[in-house]
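First comes the structure, then the notes that go with it.
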Amino acid sequence: MMGRSSFGLRIGGFSLQLRRRSLAVCAALVLTGLALGVLLLGTGTLHLTPSEVIDSLLGAGGNPTAERIILRVRLPRLATAMLVGASLGMAGAIFQSLSRNALGSPDIIGFTTGAATGAILQIVLFDAGPLGVSLAAFASCITTAVAVLLLSMRHGATGGYRLVLVGVGIGAILSGINTLLLVKGGLDQAAAAQLWLAGSPQHAHMGACDTDSHWFRRDRSRCRPQCPPDDPSGDGR
């Protein structure tokens with residue numbers, strides 16, 4: 001039976017229970033995101049008012065230069081940043097569900113730091129290009145994940161607080177290694193490594209955004225049914 005705080009939605013064989021508070025929070029976040037997006041599209045060397053930004057997005061603007069800058073430069077950067085943020089949020093939600101712990105996100109249990117270690121090694125020590133850095137970051141992330149899982153395994157099982165604590169420890173060790181590499185490396189290599197760690201959508205374009213959106217939708221549809229239900233006890237076990 002549905003209470004006042006929630007209601008059910010049924011479409012054919014699909015049913016969903018929705019909470020009114022969650023819907024209100026999501027609607028507020030969407031509106032806030034749209035408002036911030038419009039303000040961001042108008043920010044830069046060429047300052048544009050929100051009305052000019054909306055007109056350019058709708059194709060009703062009278063300034064071809066502003067429309068070209070928004071559609072070809074600023075909008076792809078904004079879309080890339082939104083897709084990256086959504087992907088990181090999805091990754092965190094998946095790890096929290098798998099580990100049954102609210103602290104079980106990739107950045108906390110060391111996976112993100114492990115990827116950074118591989119990238120910094122390639123940049124500082126070998127001055128590698130973008131492909132080499134990306135491959136090294138991926139390989140280092142997988143290696144870190146395997147190490148965390150093996151060290152946290154007990155009686156053939158892992159998860160919960162043990163996984164989080166081991167991951168925090170591994171992440172702290174790798175963070176120290178990353179700092180040491182940045183200090184010992186040259187100024188140019190350290191600056192390039194910091195830029196890689198921070199990330200930048202400077203070279204984003206709409207073709208790349210379409211590809212990112214396709215992969216995000218596909219991964220979301222595949223991962224969603226695999227996530228176990230939330231832990232009702234809330235103790236992380």
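The values are calculated or read from the model by the stated rules, or taken from the named source; none is laboratory data. Note that the coordinates shown come from a computational prediction; the quantities given were computed from them, not determined experimentally. Note: ideal-geometry Cβ built from the backbone for every residue, glycine included; neighbour counts use all protein chains shown. Surface areas here come from the heavy atoms of the whole protein model, side chains and all, with no ligands, DNA or RNA. Shrake-Rupley method; radii C 1.70, N 1.55, O 1.52, S 1.80 Å.
Selection of region 147-181 for residues being of a type in the set (Ser, Thr, Tyr), open to solvent by 70 Å² or more (accessible area, probe 1.4 Å) and modelled with pLDDT of 85 or more yields only THR179. Candidates in region 104-116 are the residues that are farther than 13 Å from GLY169 by Cβ and in a loop (DSSP other than H, G, I, E, B); of these, the one that is most open to solvent (accessible area, probe 1.4 Å) is ASP107. Restricting attention to region 42-52, does a residue exist that is outside any helix (DSSP H, G or I), among the hydrophobic types (A, V, I, L, M, F, W, C) and under 26 Å from SER200 (Cβ atoms)? Yes: region 42-52 contains one or more residues that are outside any helix (DSSP H, G or I), among the hydrophobic types (A, V, I, L, M, F, W, C) and under 26 Å from SER200 (Cβ atoms). In region 53-70, the qualifying residues are those that are open to solvent by less than 60 Å² (accessible area, probe 1.4 Å) and touching a helix residue (DSSP H, G or I) at 6+ places or on another chain (Cβ under 7 Å), and the one that is nearest to GLY207 (Cα to Cα) is ILE70.
Given (1) in contact with a Gly (Cβ under 6 Å, 6 or more places away or on another chain); (2) over 22 Å from SER213 (Cα atoms), where does THR117 come up short, assuming only one miss? Only one criterion in (1) in contact with a Gly (Cβ under 6 Å, 6 or more places away or on another chain); (2) over 22 Å from SER213 (Cα atoms) is unmet by THR117, namely (1).
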